[in-house]
Amino acid sequence: AALFTETPHDVTAQAGEDVEMACSFRGSGSPSYSLEIQWWYVRNHKDWTDKQTWASSQVRPGSALRSAQVVKVVGSNISHKLRLSRVKPTDEGTYECRVIDSSAGPARQHKVKAY
């Protein structure tokens, strides 16, 4: 069965420290999977209505949101480490690793979250 082989963990950090969250996923069946990892960020972890997807690797000027790459692979395994440099209090919130598996029919989403 398809499953996460590594999931991000809740992290506590002091301002100015670097933070890293890892996410790995293994698809099931043949190796012809088309997998994509997306990182989502929600500043207030209780409010999932304010979603922001990340599509670049640059910090947006004037924004507390930091960006991470959307990673796509063809194969049965995918992993990505989200790195936040010199965190600020405004970086606090929930980070979601979302894997989109579009290899067999309609795309399926698998999600894990960390605060």
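The values are calculated or read from the model by the stated rules, or taken from the named source; none is laboratory data. Since the model is a prediction, treat every value here as computed from it, not as a measurement. When we count neighbours, we look across all protein chains shown, and the Cβ atoms used for this are built from the backbone with ideal geometry, even at glycine. These accessible areas exclude ligands, DNA and RNA; they are computed on the full protein's heavy atoms, side chains included. Shrake-Rupley method; radii C 1.70, N 1.55, O 1.52, S 1.80 Å.
Got a sec? Which residues in the range 80-99 would a label at Q14 touch, if it sits 7 Å along Cα→Cβ and we count backbone N under 18 Å? Under 18 Å, as judged by backbone N against the label point of Q14, lie 85-92 of the range 80-99.
Could you please put S102, S76 in sequence from largest to smallest accessible area, using a 1.4 Å probe? Walk me through the numbers before you get to the answer.
Details: S102 60, S76 30 Å².
Putting S102, S76 in descending order of accessible area: S102, S76.
Net charge of the neighbourhood of S103, taken over other residues with C-beta under 13 Å away and scored Lys/Arg +1, Asp/Glu -1, is +1.
Counting charges near V19 (Lys, Arg +1; Asp, Glu -1) among other residues having Cβ under 9 Å from its Cβ returns a value of -3. How much net charge surrounds E6 when only the other residues with a Cβ under 11 Å from the Cβ of E6 are counted, with Lys and Arg +1 and Asp and Glu -1? Result for the neighbourhood of E6: +2.
Summarising the amide proton neighbourhood of S34: residues at separation of 5 or more, or on other chains, whose placed amide H is nearer than 5 Å comprise G75, S102, S103. Phi angles across the range 107-115 convert, under the Karplus curve 6.51 cos²θ - 1.76 cosθ + 1.60 with θ = phi - 60°, into 3J(HN,Hα) values of 5, 10, 10, 10, 10, 9, 10, 9, 10 Hz, Gly and Pro given as x. Once the Cα-Cα distance is subtracted from the 0.36 nm per residue extended length, the E6 to S85 segment shows a gain of 26.3 nm.
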